[in-house]
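Just below is one structure, and these are the notes that go with it.
The values are calculated or read from the model by the stated rules, or taken from the named source; none is laboratory data. Only a predicted model underlies this, so the values are computations on that prediction, with no experimental measurement involved. Note that we place each Cβ from the backbone using ideal geometry, even for glycine, and neighbour counts take in every protein chain shown. All accessible areas refer to the heavy atoms of the entire protein, side chains included, with ligands and DNA or RNA removed. Shrake-Rupley method; radii C 1.70, N 1.55, O 1.52, S 1.80 Å.
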Amino acid sequence: MVKSKVLVVGGTGYIGKRIVKASLAAGHTTYVLQRPEIGLDIDKLQMLLSFKEQGARLVEASFSDHRSLVEAVKEVDVVICTMSGVHFRSHNILLQLKLVEAIKEAGNVKRFLPSEFGMDPALMGDAIEPGRVTFDEKMEVRKAIEEAHIPYTYISANCFAGYFVGNLSQLGTLVPPKDKVCLYGDGNVKVVYMDEDDVATYTIKSIDDPRTMNKTVYLRPPENIMTQRELIAKWENLKGTQLEKISISEQDFLSSMKEMDYAGQVGVGHFYHIFYEGCLTNFEIGQNAEEASALYPEVCYTRMDEYLKRFLN
């Protein structure tokens, strides 16, 4: 089977750079969007040039220039957008509507993967403010994609290990606590943790797969479904120490939002749905969806005890 040509939009970002790497590794002709708005951001430019050295092709286009987007899209079969949707970095979800318009006009794209990669927004209709804006905007993009009859795959990648595992799912840090760890409630709600490189691998595997056409693909490898307590126990076993555990009630956790800025409130809302409501695991995967590790059992995904070893002294 001829491998699709891929355009990655947001290729210098946290997930985007991994998608570029995975696409190249899988043998796809890979284009990365280079936006003139990059300005003097030397880190982004150097990353783009490094992609070029690895075999990627840079294509210039701007979201403020519709024609340039159309021409970029015409180069490829698959478009993957990885623009940030988190408020503590940048929040650009609705910019994708311009990309949808370009894909619709170009008429040649066989698959579009919008910037999702977290919780499934279709299941978050009852999400609390202000964090629900993320899900509402993703659903607005989905509506535009489906109304334009653009073939799609939605990737639900759950909790990125970089933000949820090394810190044992603590807010406000990325490294393991030394003495005390906060538990959300009793810490026994099932969560799904994913190594970001595995997210990219599964994503690229899905793009030419007819089984994932017009479906949501959930990344739920069975050994990475665990409670916060189980994650903490893995760290304690590796470290050979015990952490003091402090349980935070649902009411106290939600009350903590009052003292936070907007980005912090969004984050607390998302943590609430994950660790108190269990939004990642409290449903069965339905007919219009697939589970990635079942589709691609050949992928040797990273287990979280292996991931945590990088934090050992």
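When the pairs Lys21/Lys205; Lys44/Lys143; Lys44/Lys110 are compared against a 23 Å limit on Cα-Cα distance, Lys44/Lys143; Lys44/Lys110 fall above it.
Note on segment 70-211: Kirkwood radius taken over Cα pairs, Stokes-Einstein applied at 37 °C and 0.692 mPa s, translational D equal to 195 µm² s⁻¹. The helix-based estimate of mean residue ellipticity at 222 nm for the chain, built from -39,500 (n - 2.57) per DSSP H run of four or more residues and divided by its residue count, is -10000 deg cm²/dmol to the nearest 500. Taking only protein heavy atoms and a 1.4 Å probe, the accessible area of the chain is 50% carbon and sulfur.
Its Cα gyration tensor gives the chain an equivalent ellipsoid; the semi-axes, largest first and in whole Å, are 33, 21, 20. With both labels modelled 7 Å from their Cα along Cα-to-Cβ, the His149 to Ser62 distance reads 3.3 nm. Descending by average beta-carbon neighbour count within 10 Å, the peptides 304-311, 117-124 line up as 117-124, 304-311, the highest first. Out of the GluC sites (Glu not before Pro) in segment 262-295, which ones are loop residues according to DSSP with at most 14 other C-beta atoms within 10 Å? Here the sparse-neighbourhood loop sites are Glu284.
Computed with the Debye formula from one identical point scatterer per Cα of segment 144-302, without solvent, the log10 of I(q)/I(0) at q = 0.16 Å⁻¹ comes to -0.97.
Amide H contacts under 5 Å for Cys81: Val9, Leu113, Ser115, restricted to partners 5 or more places along the chain or on a different chain, H placed in the peptide plane at 1.01 Å from N. Proximity of backbone amide H atoms, modeled 1.01 Å from N, is registered between Arg57 and Thr30, Tyr31, Val32 at under 5 Å, excluding neighbours fewer than 5 places apart on the same chain.
Under the simplified labelling scheme, the Ala263-Asp197 pair shows an inter-label distance of 2.7 nm, with each label point 7 Å from Cα along Cα→Cβ. Packing here is the average count of other Cβ atoms within 10 Å per residue, and on that basis the peptides 40-50, 167-177, 190-200, highest first, run 190-200, 167-177, 40-50.
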